[in-house]
Amino acid sequence: MEGSGTALLERSIRIVEERMPELAHSFMQVPLSYYRDAEIAERERQLFMTQPRPVVASTEIAAADDYLVRMTMGRSILCTRDIDGKAHVFLNYCRHRGAEPAKGCGNARRHSCPYHGWAYNSKGELVAMPLPDRNATLDYSELGLVELPSEERHGFVWAILTPGLPIDVAAHLGEVDGQLAAQGLETMRYVNSLPLEPISANWKCVAEGVVESLHVPFVHRATFNVDPVSGGERFVSSAAIDMAIYDRFGPHVRYALPTFGREQLDAMRGHRDAGKPVGWQQVVSVWLLSPGVLIANDSYGLDIGLMEPGPTTDTAYFRYGWMGPHVPPEGLPTVEEMAQRAGAAVREDAPVWEGCGRGLALGGHDYALIGRNEKGVQLFHEALAAQTGYAGLRYQ
Ligand code: FES
Ligand SMILES: [Fe+2]
């Protein structure tokens, strides 16, 4: 099976043996209008409005009445855990005249609107208001916060930003659901390092930047050369930096990189032949889920990135953090330290992404050229275009 660890190891061994990554059949030409066109951007926004995305880590609202307010797609979202332990996601807009009842994060039984004091509990129910005798005829049960479809899975609360839509995260993830289950995310703790970083570039520039490692020796030399468990040729030889294998699972993309070099091939063949489990110690996996969700093996935990379009075609937002076991393996950095390192890497990426953003928005050339050894970027564009109906990708 393509998604299984053994198949990943087998394919990883093959590319290391052949000293050649899995290549796309052709170069891809992506017209610059793909990054500029408002109508295309609107179709992409629809994906962000109608597909499930992780909005909060389960451990960020671990206890009853924990809450957290988050901005996404221009909306204020209130995430809570109610007294029965169920997570909820609400539009954080008061049913009186629309102010935002909750702020920041913490633990609260009630969220009292700052404008006129209507109060909501962690189930989103309107429970009190000042001068109730003036409103004695109101039915409070009809005036709760608008709840969004949500589901807790893989250590996150996922939500769809459009009220009333059905949500089924496993169905959305398809084959990737089992792959994520094997990561054990629900046993891990999340630490955020970039709450909501504005990026002056089309959101697709950010997505492109997380499904290739060709830029790593240029952009992240200092950060990743200190990788505590780097191993292999990947971080020590720029000739090996594109050594990767690629899969597309419907709208989702995975690229995976062997952590071993030629000198470890015998050991890896032995590992394969013994049928031992395959994990991030042998092959690092990076998923780019639709729409705009990055989940990537990084040392003993995972980078979690959420990219989304900003209000214009040349703006985006990026939220970034790191997830790892409550107790780190002996001798390795803490989850907080790993989160800081991950955030530092994004701060190295951001100026380059913004350069791409200007180039794609203002450049006088016709198309961006995606190499055969950037198959992850090609698969991302193909997966997205298949969903939006965009027909402008060309090959050479
Ligand atoms: S807008 Fe919230 S109480 Fe008036
Ligand atoms: Fe990067």
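The values are calculated or read from the model by the stated rules, or taken from the named source; none is laboratory data. Given the structure is predicted, the values throughout are model-derived calculations rather than measurements. Please note: Cβ atoms are built from the backbone with ideal geometry, for glycine as well, and neighbour counts cover all protein chains shown. Accessible surface is based on the protein model in full, side chains and every heavy atom, while ligands, DNA and RNA are left aside. Shrake-Rupley method; radii C 1.70, N 1.55, O 1.52, S 1.80 Å.
Here are some notes:
- Per-pair calculated FRET efficiency, R0 = 56 Å: Lys123 and Arg19 via Cβ, rounded to 0.05: 0.45
- Split the accessible area of the chain by element, probe 1.4 Å, and carbon with sulfur accounts for 53%.
- Inter-centroid distance (Cα atoms) of region 371-386 relative to region 4-40, Å: 6 Å
- Cβ crowding within 10 Å averaged over residues, with 292-298, 26-32 ranked highest first: 292-298, 26-32
- Computed label-point distance, nm, for sites Val146 and Glu42 using a 7 Å Cα→Cβ extension: 1.9 nm
- Fully extended contour minus Cα-Cα distance, from Leu138 to Thr334, at 0.36 nm per residue: 65.4 nm
- Solvent exposure of region 56-159 amounts to 47 Å² per residue of accessible area, where only protein heavy atoms count and the probe is 1.4 Å.
- Sequence-distant residues sharing a close amide H with Gly310 (under 5 Å, placed H): Trp203, Thr315, Ala316, Tyr317
- Placing pseudo-labels 7 Å out from each Cα toward the beta carbon at Arg109 and Thr162 gives an inter-label distance of 3.9 nm.
- On Cα atoms only, tilt of 335-362 relative to the major axis of the chain in degrees: 80 degrees
- Dipole magnitude for the chain: computed about the Cα centre from +1 point charges on Lys and Arg Cβ and -1 point charges on Asp and Glu Cβ, it is near 400 debye.
- Computed from the C-beta positions of Ser33 and Met71 and an R0 of 45 Å, the FRET efficiency is 0.95 to the nearest 0.05.
- Estimated inter-spin distance, Ala64 and Arg347, nm [label 7 Å along Cα→Cβ]: 4.1 nm
- Computed over protein heavy atoms with a 1.4 Å probe, the accessible surface of region 240-284 works out to 40 Å² per residue.
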